[in-house]
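Right, one structure below, let's go through it.
The values are calculated or read from the model by the stated rules, or taken from the named source; none is laboratory data. Because the structure is a prediction, the values reported are computed rather than measured. Every residue, glycine among them, receives a Cβ derived from its backbone with ideal geometry; neighbour counts consider all protein chains shown.
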Amino acid sequence: MKNSIAIISISVLLCVSYLSVNAQDNNSMRMGIKAGVNLSNMTTKDASNDMITGFNVGLFGKLPITNFIAIQPEFYLTTKGSAVSYNSLLMNGTARFNLTYLEIPVLCVVNITENFNVHAGPYVAYMLNGKVKNESNITLFDFEENIDANDYNRIEAGIAVGAGIDIGGISVGARYNLGLTKVGKEQTILGATYTIPNATNSVLNLYVSLSLN
């Protein structure tokens with residue numbers, strides 16, 4: 001898994017560096033803003049979970065390589081998380097994880113037609129904030145007071161795939177982000193070791209973007 005994180009992180013950084021160098025000499029580089037709604041969940045083995053709603057907002061650049069292919073880096077604020085129900089010998093309940101990240105995907109955009117594209121690529125993200133609200137049968141360990149962003153893995157890496165419709169300078173689309181790294185770190189509770197949450201992020205986001213040039 002560590003090798004996967006390194007490969008994805010290096011790929012993103014190399015692509016961003018390439019684009020920043022070439023954008024200065026490429027008049028066809030498009031810049032813009034984007035925002036949308038997130039439907040996020042977590043993939044877990046030992047608990048059931050429910051989707052929660054959030055948002056994403058940020059910037060994008062689009063550098064055409066050919067008439068059909070472009071490279072599109074983005075930089076945006078995005079929310080993730082899930083409502084996770086757990087049941088063990090020690091406790092049971094539901095914890096709602098609300099996570100906020102700065103995310104940088106670098107996407108390869110393929111124009112299937114003049115107005116329709118598909119896109120895919122790696123992303124890396126840095127957690128800015130991680131809040132949890134918990135309802136449990138016992139209160140020996142207070143999630144809300146004892147778990148903060150430092151108890152999560154700050155760096156996330158993953159893969160994004162999606163499709164969009166372009167109408168002039170406006171685009172609308174849908175994208176699925178699959179995290180490849182665990183959200184939580186190991187915690188010791190009442191003498192037992194847990195990973196809270198023992199899960200990876202998955203997010204479906206619906207977005208609208210506007211080109212500014």
Among the residues of the range 34-53, write down those that are in contact (Cβ under 8 Å) with a residue 40 or more places away in the chain, touching a Ser or Thr at 6+ places or on another chain (Cβ under 7 Å) and part of a strand (DSSP E or B). 34, 37, 38, 39, 40, 41, 42, 43, 49, 52
Quick one: is residue 204 at pLDDT below 95, assigned to a strand (DSSP E or B), touching a Phe, Trp or Tyr at 6+ places or on another chain (Cβ under 7 Å) and within 16 Å of residue 77 (Cα to Cα)? no
Test residue 1 against the criterion of being modelled with pLDDT under 95 and under 20 Å from residue 110 (Cα atoms), and give yes or no. no
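Conditions tested, residue by residue: (1) in contact with a Ser or Thr (Cβ under 7 Å, 6 or more places away or on another chain); (2) at pLDDT below 95; (3) surrounded by fewer than 19 Cβ atoms within 10 Å (Cβ to Cβ); (4) over 12 Å from residue 100 (Cβ atoms).
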site	(1), (2), (3), (4)
123	no, no, no, yes
133	no, yes, yes, yes
137	no, yes, yes, yes
141	no, yes, yes, yes
153	yes, yes, yes, yes
For residue 117, only one of the following conditions fails: (1) farther than 17 Å from residue 76 by Cα; (2) surrounded by fewer than 21 Cβ atoms within 10 Å (Cβ to Cβ). What is its number? (2)
Criterion violated by residue 104 - all others in (1) among the β-branched types (Val, Ile, Thr); (2) modelled with pLDDT under 95; (3) touching a strand residue (DSSP E or B) at 6+ places or on another chain (Cβ under 8 Å) satisfied: (2)
Looking for something at pLDDT below 95 and under 13 Å from the mean Cα position of the chain (by Cα) - is there at least one such residue anywhere in the range 42-55? yes
Qualifying residues in the range 166-213 (those that are more than 18 Å from the chain's Cα centre (by Cα) and among the hydroxyl-bearing types (Ser, Thr, Tyr)) - the one surrounded by the most Cβ atoms within 10 Å (Cβ to Cβ): 171
